[in-house]
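K.L.:
Before anything else, here's the structure in question.
The values are calculated or read from the model by the stated rules, or taken from the named source; none is laboratory data. This is a predicted model, so every value here is computed, not measured. We place every Cβ from the backbone using ideal geometry, glycine too, and count neighbours over all the protein chains shown.
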Amino acid sequence: MISSISELIDWLKYEKKRYYPSKPYNGLFLIDHLVAESYQQIWRYQKMLRITEYVYSKRKNPVFLLLYCVVGRIKNVRGARLGIYIPEYVFDRGLLIDHYGSITINGCCKIGKNCRLHGNNCIGNKGAGRVDEFPIIGDDFDLGFGASVIGRVNLGNGVIVGANSLVTKSFSGDNLVLLGTPASELKQ
């Protein structure tokens, strides 16, 4: 949870470097902004996500509650344009979204640091009123294009889910590669 303005700034600097890793990135950042490059659009959404998380943590103050309504709306409008739905406090620090369009994340999920989404992803429950069954995923998670993680699933650190794979059960261990529908572990 982002609880201070200095922590918010730290998270934003860290995540911006994930989108623009080379120094100096200001030239590329400006060009991307001028031509509305996809990374720039996604970064603007993600920045609002993190600002919304910070403001929400201060919501007991009536001014911050009102501010939450404003920044939450901006985040949701940007997300709707990009096809991204990510509630607050799902992803830890270091989220990276490669492509926009059809990314839906359940608000009960917990996903660790340095997660990477490649687009057209779903992480959530199985539906049918099962709100208590949601994924819990470790650090350094990489979800390939078109892949989904559905249901009460626990995954460790360093897990890679291949493109168009569907994970519906838990896998123990770290640094796994999961492929297929339903997903199974790739043996080396």
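K.L.:
Of all helices (runs of 4 or more DSSP H) completely enclosed by the stretch 1-114, which ones contain at least 3 residues that are over 30 Å from Gly151 (Cβ atoms), among the β-branched types (Val, Ile, Thr) and in contact with a helix residue (DSSP H, G or I) (Cβ under 9 Å, 6 or more places away or on another chain)? Break it down stepwise before answering.
P.N.:
On the way: elements: 5-19, 26-35, 38-57, 62-82.
The qualifying helices (runs of 4 or more DSSP H) are 62-82.
K.L.:
For Asp32, state whether it is out of contact with any strand residue (DSSP E or B) (no Cβ under 9 Å at 6 or more places or on another chain) and among the acidic types (Asp, Glu). Steps first, answer last, please.
P.N.:
Details: out of contact with any strand residue (DSSP E or B) (no Cβ under 9 Å at 6 or more places or on another chain): yes; among the acidic types (Asp, Glu): yes.
It is true that Asp32 is out of contact with any strand residue (DSSP E or B) (no Cβ under 9 Å at 6 or more places or on another chain) and among the acidic types (Asp, Glu).
K.L.:
Among the residues of the stretch 151-158, is there at least one that is under 17 Å from Tyr85 (Cβ atoms) and either touching a Gly at 6+ places or on another chain (Cβ under 6 Å) or of a type outside the set (Lys, Arg) (or both)? It would help to see each step written out before you state the result.
P.N.:
Kept after step one, since they are under 17 Å from Tyr85 (Cβ atoms), are these residues of the stretch 151-158: none.
No: zero hits.
Yes/no per residue for (1) exposed (fewer than 14 other Cβ atoms within 10 Å of the Cβ); (2) assigned by TED's automatic domain parsing to the domain that holds His118; (3) modelled with pLDDT of 95 or more:
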| residue | (1), (2), (3) |
| --- | --- |
| Trp11 | no, no, yes |
| Arg18 | no, no, no |
| Pro21 | yes, no, no |
| Asp32 | no, no, no |
| Ala36 | yes, no, no |
| Tyr39 | no, no, no |
| Trp43 | no, no, no |
| Ile51 | no, no, yes |
| Val55 | no, no, yes |
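Per-residue answers, yes or no, for (1) among the small types (Gly, Ala, Ser); (2) buried (at least 17 other Cβ atoms within 10 Å of the Cβ); (3) in the same structural domain as Ile105 (by TED's automatic domain parsing); (4) more than 15 Å from the chain's Cα centre (by Cα):
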site	(1), (2), (3), (4)
Gly127	yes, no, yes, yes
Ile136	no, no, yes, no
Asp140	no, yes, yes, no
Leu143	no, yes, yes, no
Val153	no, yes, yes, yes
Gly162	yes, yes, yes, yes
Gly173	yes, no, yes, yes
Pro182	no, no, yes, yes
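K.L.:
What residue, among those in the stretch 166-186 that are in contact with a Gly (Cβ under 6 Å, 6 or more places away or on another chain) and of a type outside the set (A, V, I, L, M), is nearest to Arg152 (Cα to Cα)? It would help to see each step written out before you state the result.
P.N.:
First, the residues of the stretch 166-186 that are in contact with a Gly (Cβ under 6 Å, 6 or more places away or on another chain): 168, 173-175, 179.
Adding the requirement that they be of a type outside the set (A, V, I, L, M) leaves 168, 173-175.
Working: Thr168: 8, Gly173: 16, Asp174: 18, Asn175: 20 Å.
Among those residues, the one meeting the criterion is Thr168.
K.L.:
So is Lys169 under 23 Å from Tyr19 (Cβ atoms), without any contact (Cβ under 8 Å) to a residue 40 or more places away in the chain and surrounded by fewer than 16 Cβ atoms within 10 Å (Cβ to Cβ) or not?
P.N.:
Values: under 23 Å from Tyr19 (Cβ atoms): no; without any contact (Cβ under 8 Å) to a residue 40 or more places away in the chain: yes; surrounded by fewer than 16 Cβ atoms within 10 Å (Cβ to Cβ): yes.
When the stated conditions are applied, Lys169 does not pass them.
K.L.:
Identify the single condition in (1) surrounded by 19 or more Cβ atoms within 10 Å (Cβ to Cβ); (2) in the same structural domain as Tyr19 (by TED's automatic domain parsing) that Phe91 does not satisfy, given that it satisfies every other one.
P.N.:
Evaluating Phe91 over (1) surrounded by 19 or more Cβ atoms within 10 Å (Cβ to Cβ); (2) in the same structural domain as Tyr19 (by TED's automatic domain parsing) leaves (2) as the failure.
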